[in-house]
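The values are calculated or read from the model by the stated rules, or taken from the named source; none is laboratory data. If you're wondering where the values come from, they're calculated on a predicted model, not measured in any experiment. With ideal geometry, Cβ positions are generated from the backbone for all residues, glycine too; neighbour counts draw on all protein chains shown. Ligands, DNA and RNA are excluded from the accessible area calculation, which covers all protein heavy atoms including side chains. Shrake-Rupley method; radii C 1.70, N 1.55, O 1.52, S 1.80 Å.
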Amino acid sequence: MSEKLTIGNLNANRCEKVQGFVDVGTSNTKMPVTLINGKVSGKTILITAGIHGGEYPCIQTAIELGQELEPEDVNGQIIIVHPVNTQGFEA
């Protein structure tokens, strides 16, 4: 596992949590992402929510999970995308 977790323009160093938006290709679309780079080395997991824009309980769960998890309690790296389908969610 790398010391730094990088997705698009977001970077999380070891034992750090970063939240922000990642550009989707060359479109004007941005996806909200939480990166959690744990204190201890381990595997990487990707958690997505809101593939369909109306999946509100899943989106809320992903947001809360990103807020509640702390890097000090994590082995490995966690990438949370909430929601994936931002255009569907906004519509």
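Observations
- All aspartates and glutamates inside 14 Å of Lys4 as judged from Cα atoms, apart from same-chain residues fewer than 8 positions distant: Glu16
- For the chain, the dipole from Cβ point charges (+1 on Lys and Arg, -1 on Asp and Glu) about the Cα centre works out to 280 debye, to the nearest 20.
- Accessible surface of the chain, 1.4 Å probe, proportion on carbon and sulfur as whole %: 53
- GNM top mover of Gly76, Gly54, Gly66 - the chain, alpha-carbon springs below 10 Å: Gly54
- Residue-count net charge about Asn85 - beta-carbon cut-off 13 Å; Lys, Arg +1, Asp, Glu -1: -1
- Förster-model FRET efficiency, 22 Å R0, Leu65 and Val40, C-beta, rounded to 0.05: 0.70
- Cα-based helix-to-principal-axis angle, 56-68 vs the chain, degrees rounded to 10: 30
- Potential lengthening between Glu90 and Glu72 on full extension [0.36 nm per residue; Cα-Cα distance subtracted]: 3.1 nm
- Over all projection directions, the Cα-based convex hull of the range 1-73 averages an area of 5.2 nm².
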